[in-house]
Amino acid sequence: MKLLPLLILVLGSPGCARWGQPPETPWVPAPAPDLGSVVARVGPVPIYAREVEAQVARSKSTPREALEELISLHLLAEEAHRENRFRPDWFDTELRSALAERLIERDIWPQIQRDSVPDQDLQAIYQNSIHIFVHPRLVDAGFLIVYTGHRMKPEASAQRQKTARALAAALASRHIAGPEDFEAIAKDAAWAARDVVYQRLFQSPDQPFPPKVGAEVVKLKAPGDTTPLIEDVMGFFIATYAGEQPAENRSFAEVRDELRQRYYDRWRVQRLEQLSKKLAEGHRVESHPQLLKQGAPGRGS
């Protein structure tokens, strides 16, 4: 089933159990020794090792993921059975699968369509990511940094200041074509041993590094442009131009559809996990993934 790999029940430690009232109508299949050990139970219904192996083959997943997928399928079937929606012949695995998929299509799928993502959720994502949609011109820059900080002892800080000035002097006599040259310098054992590090990021006039650093970085215009040594409370910085991103000021209304497209898959997985947990609240669930390789009989907790 297309949705079952997403409908994964988040369980705690192996052997955990949740208790609820079992369905009134018996529908537990007869013991099937040829299916191997019992590796999980959903309500009174066992899941066997061979079933997990078959699910691995079908879904191309790991044994643990396959077990969780089967637990989710059984939870859906248990919910439908509890509400007397069907009384399948549990020897017919194809019927059981089809009925569970029908339950997904009728009760779950309508809740997780792309258009179902609430605007309030998208608004929250927009606010948390506002810097992506509303920002001044950003400079993509490579940085060589010698960090200090106000908590560093004076002796260590003085040594790093000496390193930063030596680094600036070395760069003054070297042609810098782009951030790759800075990265190579930071990887040089001689400079790495002296705590010179490399970072590449988008810098605005005041983010993510402080305004003193940003003021110099935003002056960079073309490949090869490099700042002088900048001393700040965080340490010493030298930056070189890699590219830029123009200023943007996009409202929520302008990016709503883009946000829905970008975050839909993540939102759908979260919703499916919530629905799976809700289904599990009324059923006893046992999971013994450690038995998948051991082949030992499962025991309830």
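In the range 122-164, which residues are among the charged types (D, E, K, R) and in contact with a Leu (Cβ under 9 Å, 6 or more places away or on another chain)?
Filtering the range 122-164 down to residues among the charged types (D, E, K, R) leaves 137, 140, 151, 153, 155, 160, 162.
140, the sole residue that qualifies.
Within the range 184-217, the set of residues being free of Cβ contacts under 8 Å to residues at least 24 places away in the same chain, part of a helix (DSSP H, G or I) and over 16 Å from residue 234 (Cα atoms) comprises 184, 187, 189, 190, 192. Please specify each residue of the range 53-89 satisfying the condition of being among the acidic types (Asp, Glu) and modelled with pLDDT of 70 or more. If the condition is that a residue be among the acidic types (Asp, Glu) and modelled with pLDDT of 70 or more, then 53, 65, 68, 69 are the ones that fit.
What's the total number of residues in the range 35-65 that are part of a loop (DSSP other than H, G, I, E, B) and touching a helix residue (DSSP H, G or I) at 6+ places or on another chain (Cβ under 8 Å)?
Going residue by residue through the range 35-65, those that are part of a loop (DSSP other than H, G, I, E, B) are 36-37, 43-44, 60-62.
Still in the running and touching a helix residue (DSSP H, G or I) at 6+ places or on another chain (Cβ under 8 Å): 36-37, 43, 61-62.
Of the residues in the range 35-65, 5 are part of a loop (DSSP other than H, G, I, E, B) and touching a helix residue (DSSP H, G or I) at 6+ places or on another chain (Cβ under 8 Å).
Quick one: which of 162, 153 is among the basic types (Lys, Arg), more than 30 Å from residue 254 (Cα to Cα), at pLDDT 95 or above and over 22 Å from the mean Cα position of the chain (by Cα)?
Values: 153 fails: at pLDDT 95 or above.
Among 162, 153, only 162 is among the basic types (Lys, Arg), more than 30 Å from residue 254 (Cα to Cα), at pLDDT 95 or above and over 22 Å from the mean Cα position of the chain (by Cα).
For the residues 218, 197, the requirement of being touching a Pro at 6+ places or on another chain (Cβ under 6 Å) and either surrounded by 16 or more Cβ atoms within 10 Å (Cβ to Cβ) or not charged (D, E, K, R) (or both) singles out 218.
Can you find, within the range 256-301, the residue that is modelled with the highest pLDDT among those that are part of a loop (DSSP other than H, G, I, E, B) and among the small types (Gly, Ala, Ser)? Walk me through it before giving the result.
Going residue by residue through the range 256-301, those that are part of a loop (DSSP other than H, G, I, E, B) are 281-284, 288-290, 295-301.
Applying the additional criterion that residues be among the small types (Gly, Ala, Ser) yields 282, 295-296, 298, 300-301.
Numbers: 282: 60, 295: 43, 296: 42, 298: 42, 300: 40, 301: 36.
The qualifying residue modelled with the highest pLDDT is 282.
The values are calculated or read from the model by the stated rules, or taken from the named source; none is laboratory data. Keep in mind that this is a model prediction, so the values were computed, not measured. Please note: Cβ atoms are built from the backbone with ideal geometry, for glycine as well, and neighbour counts cover all protein chains shown.
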